[in-house]
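Novice: Encoded as structure tokens, here's the structure I'll be asking about.
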Amino acid sequence: MRRDVLELRQFYASTLGRAARAMVERKLMEAWDDGHGLDILALGYATPFIGPFRERARRVVAAMPAQQGVEVWPAGGANLATLTPEDGLPFPNALFDRILVVHGLEESADPVGFLREVWRVLAPSGRAILTVASRNGLWANTERTPFGHGRPYTRAQLVELMREAELEPSGWTRALYVPPVGWMAGWAEGFEQAGSRLWPGFAGLLMMEATKQTFAVKPQGHRARLRVARPVLLPAPGTAPVTRAPGERTLRQRLAPPRRRS
């Protein structure tokens, strides 16, 4: 069961939620720069992290699963968010250059089908970043945050899932080392710097980037059998036709192996 959109919005309005947003947002900017001229899709509940891309990107759209609910985004502007089923995103094939998935995979009833839709709407040269709760991190072991619900993943599990959906992992990183306790949110920056060096395996979030696998399709079916005409030598114009003396063999007869006598 997915977290309600109101619960997600309430978390990211808290001190701990704002710290989580800042840590993830920094990783995104490192990976995608400012998104200049790109078409970007925020899938799941990824709107808290894509605000910096709106000014430079060509298009930014948010798609939220029907079981979660949808909210108007951005606040105070034209709505760019839509409610969508997980197994049928309402977008044409290969539309988006970048796709960010947050709070989308862990609570999906069909993770492979969910990622196959990501594959479908991702451009051939595009990149997708999946952000999930890390199985070894503290955030997956507490239900006080949205990352404590659903299925957390290890890096190997996420790689296997991506490849099953024909997405090829191209890079990964970790984020959110601060413990999921509200009064420690002010120290998130210090934990982020120290944690990546001292205890990297205990990060709260795993972020993995993937590209789209495309394969050439071989035509199916049987080969057509063509009737091939046997070449015939004709005499040149103005010359007499070629004749053979009695008993003279043709070239084909001379090259044929001798028949065995029974």
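The values are calculated or read from the model by the stated rules, or taken from the named source; none is laboratory data. In this text the structure is predicted, and so the values were computed from the model without any measurement. Reconstructed Cβ throughout: ideal geometry from the backbone, glycine too, with neighbour counts over all protein chains shown.
Novice: Which one of GLY77, GLY88, GLY104 is modelled with pLDDT under 95 and under 22 Å from ALA57 (Cα atoms)?
Specialist: GLY77
Novice: To continue, here is another question. Filter the stretch 52-78 down to the residues that are buried (at least 20 other Cβ atoms within 10 Å of the Cβ) and of a type outside the set (A, V, I, L, M, F, W, C), then identify the one that is nearest to ASP34 (Cα to Cα).
Specialist: PRO65
Residue by residue, here is whether (1) in contact with a helix residue (DSSP H, G or I) (Cβ under 7 Å, 6 or more places away or on another chain); (2) free of Cβ contacts under 8 Å to residues at least 24 places away in the same chain holds:
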position	(1), (2)
GLU107	no, no
ASP110	no, no
ARG120	no, no
THR142	yes, no
THR145	yes, no
LEU158	no, no
GLU166	yes, no
GLY171	no, no
ARG197	no, yes
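Novice: Still on this model: Filter the stretch 122-140 down to residues that are touching a residue at least 24 places away in the same chain (Cβ under 8 Å), part of a loop (DSSP other than H, G, I, E, B) and not polar (S, T, N, Q), then give me how many there are.
Specialist: Residues flagged as touching a residue at least 24 places away in the same chain (Cβ under 8 Å), part of a loop (DSSP other than H, G, I, E, B) and not polar (S, T, N, Q) within the stretch 122-140 amount to 2.
Novice: Continuing with this model, one more query. Within the stretch 124-151, restricting attention to residues that are among the basic types (Lys, Arg) and more than 27 Å from PHE96 (Cβ to Cβ), which residue is surrounded by the fewest Cβ atoms within 10 Å (Cβ to Cβ)?
Specialist: The extreme case among them is ARG144.
Novice: Then there's this: From the residues in the stretch 109-164 that are among the aromatic types (Phe, Trp, Tyr) and within 25 Å of VAL61 (Cβ to Cβ), which one is modelled with the lowest pLDDT?
Specialist: The selected residue is PHE147.
Novice: For LEU41, which of the numbered conditions (1) modelled with pLDDT under 95; (2) buried (at least 22 other Cβ atoms within 10 Å of the Cβ); (3) under 24 Å from THR214 (Cα atoms) fails to hold?
Specialist: (1)
Novice: I would also like to ask the following. Mind listing whichever residues of the stretch 50-68 are touching a residue at least 60 places away in the same chain (Cβ under 8 Å) and within 16 Å of TYR12 (Cα to Cα)?
Specialist: GLN68
Novice: When you scan the stretch 1-119 for strands (runs of 3 or more DSSP E) that lie fully inside it, which ones turn up with 1 or more residues that are of a type outside the set (Gly, Ala, Ser), over 28 Å from ARG163 (Cβ atoms) and touching a strand residue (DSSP E or B) at 6+ places or on another chain (Cβ under 6 Å)?
Specialist: Per the criteria, 59-65, 81-84.
Novice: While we're on this one: Just name the residue that is farthest from VAL101 (Cα to Cα) out of those in the stretch 152-194 that are assigned to a helix (DSSP H, G or I) and touching a strand residue (DSSP E or B) at 6+ places or on another chain (Cβ under 8 Å).
Specialist: GLU192
Novice: Can you pull out the residues in the stretch 157-207 that are of a type in the set (Phe, Trp, Tyr) and under 21 Å from PHE11 (Cα atoms)?
Specialist: Within the stretch 157-207, TYR177, TRP183, TRP187, PHE191 qualify.
Novice: Suppose we filter GLY35, GLY17 for residues that are over 23 Å from GLY150 (Cα atoms), of a type outside the set (Asp, Glu), crowded, with 18+ Cβ neighbours inside 10 Å and in contact with a helix residue (DSSP H, G or I) (Cβ under 7 Å, 6 or more places away or on another chain); which single one remains?
Specialist: GLY35
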